[in-house]
């Protein structure tokens, strides 16, 4: 535990990198490697701490391990070594069902390709994570409608994903990610598949959600627009965080 | 399970979405189920045929024991107790000299079941011990017809010639009876010296034959009916013959059934695998949102269960329709029994379950990243990781 305390909230250069509040998400000496003819270190001894309400942007060249790091932070994949703690819960102590529960209750995901279920309407897609909980059908519907209103899609609730534009689909995905009031929203290139106008709208939406609801975001993006809104920008290279900058806020 | 509402929602809309593929799966499953039901019904009929062979009233005894001396009632009962005797009937077998040479005369009690082996015996059976049924060939050779007298002489006597009135020709289906003169064992006449014994199995028949030979010795002549005689069946040879009959009808059917199962299984496997490939992203999304293993299992059970239900119902209807149209081709009654329908349903469910098990296992084992990025799924995963320094 002593070792963990030493590295928690510390950047690779040893300087504390904690935000203004208590860290809600921590990664300690995370390692993830793949064997593709030779051992590839996708995430190489990464430690970081993210505070409640922080807006973190992770940038870096393709293949530097951003998405892998996001997967590890979200409990989608397990590290070869190291630890992730979200709201005090250690991932290594959770079995697969425990991790699933944690993702259901504490983590929201937004993907580059929206990843909506194509045969469900916008309302049903947003309702889906809520239906994993014990909420009543009525409460689920009301909450899903609120979320769709919040992202400006109240009138598109009954539309299927294919009947919506990319920006609209991504808004639905964001509404879905927020459905269970997660401790942190992890977004992987959320604007990577959108035109520049929609990108700005999306960045504004993320900013609004962060400011109004104090929602914690960790966003992997190449989009400079996000860096402007970030509290911190983490630069990744070869699986390591090699630079941490203050964002535009 | 609080995941069920979400699972149900995804499953029901997923079933509607992949309607074409589901219909194909249902059709394949219906075919599998119907083929099994038809074949099973056919076998039941064939089995009935075989059983009819076993229960055939024309069956003669398994062991015919011809004794040298008269058998007492005690001796008969003693023999009846031995081995696995299921029925034991006394008779008298004596050789006589006739104008056509030596002939065996068998006198049967009135209540003997062997009369049923003699065609028309109820009408032409000798009403008295003074009448006789003679083999048809002998009747033609001697120019005898009903009502005429057949002279007979005891084989080792020069005197004692007597005659029996011809009651009719012997048309027994049994090889032994067919070649004999047959008369009634009269109450005041000679006592039984022979036994027709029915045993429950071939081993019993052989055992009894040995015992009789041992106890009564030469010149007792117990003999086992020959197995290659199609009309001479022991209970077990009847069973083996029925098995043979079944096998002749069964083996080609089993091969065809096996091929149907294999091809249908492969078809279902391919479709479920394709469905799994197509739904990787959906499964990834569900897992990302916290779908647990049991939720995934419920999802698959709902989907595959719905397909199985539809397939089995369709297969049963198909089988009933085909039985109604092709009933004449079936050896037995062409009706689908409840047991056969139930077995067919289980077979259908098993084939679908077997075909879907690997894709289901892959779906369960896959991580979100493997599903999202089309990475190979590892069914076995070693748990690695943990807190550094913890």
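The values are calculated or read from the model by the stated rules, or taken from the named source; none is laboratory data. Model, not experiment: these values are computed from the prediction. Cβ: placed from backbone, ideal geometry, glycine included. Neighbour counts: every protein chain shown.
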In region B:284-302, what residues are surrounded by 24 or more Cβ atoms within 10 Å (Cβ to Cβ) and either more than 10 Å from chain A (Cβ to nearest Cβ) or touching a strand residue (DSSP E or B) at 6+ places or on another chain (Cβ under 7 Å) (or both)? B:288, B:299
Search result, residues across region A:89-118 that are touching a strand residue (DSSP E or B) at 6+ places or on another chain (Cβ under 9 Å) and either more than 7 Å from chain B (Cβ to nearest Cβ) or under 19 Å from residue A:215 (Cα atoms) (or both): A:91, A:93, A:98, A:102, A:103, A:106, A:107, A:108, A:109, A:110, A:111, A:112
Hits in region B:73-127 (condition: modelled with pLDDT of 75 or more, part of a loop (DSSP other than H, G, I, E, B) and farther than 13 Å from residue B:195 by Cβ): B:99, B:100, B:110, B:111
Criterion first (modelled with pLDDT under 90, within 22 Å of residue A:210 (Cβ to Cβ) and more than 14 Å from chain B (Cβ to nearest Cβ)) does residue A:9 satisfy it? yes
Take the residues in region A:57-91 that are farther than 15 Å from residue B:369 by Cβ and free of Cβ contacts under 8 Å to residues at least 12 places away in the same chain, then tell me which one is surrounded by the most Cβ atoms within 10 Å (Cβ to Cβ). A:90
Residues in region B:132-164 that are exposed (fewer than 15 other Cβ atoms within 10 Å of the Cβ), in a strand (DSSP E or B) and at pLDDT 85 or above: how many? 3
Criterion: exposed (fewer than 15 other Cβ atoms within 10 Å of the Cβ), assigned by TED's automatic domain parsing to the domain that holds residue B:11 and at pLDDT 90 or above - qualifying residue of B:256, B:321, B:308, B:243: B:321
Residue A:25 being buried (at least 17 other Cβ atoms within 10 Å of the Cβ), out of contact with any helix residue (DSSP H, G or I) (no Cβ under 9 Å at 6 or more places or on another chain), more than 11 Å from chain B (Cβ to nearest Cβ) and at pLDDT 90 or above: no
Of all residues in region A:128-151, count the ones that are more than 8 Å from chain B (Cβ to nearest Cβ) and either outside any loop (DSSP other than H, G, I, E, B) or touching a residue at least 24 places away in the same chain (Cβ under 8 Å) (or both). 15
So residue A:65 ticks every box in (1) within 11 Å of chain B (Cβ to nearest Cβ); (2) out of contact with any helix residue (DSSP H, G or I) (no Cβ under 6 Å at 6 or more places or on another chain) but one. Which box is left unticked? (1)
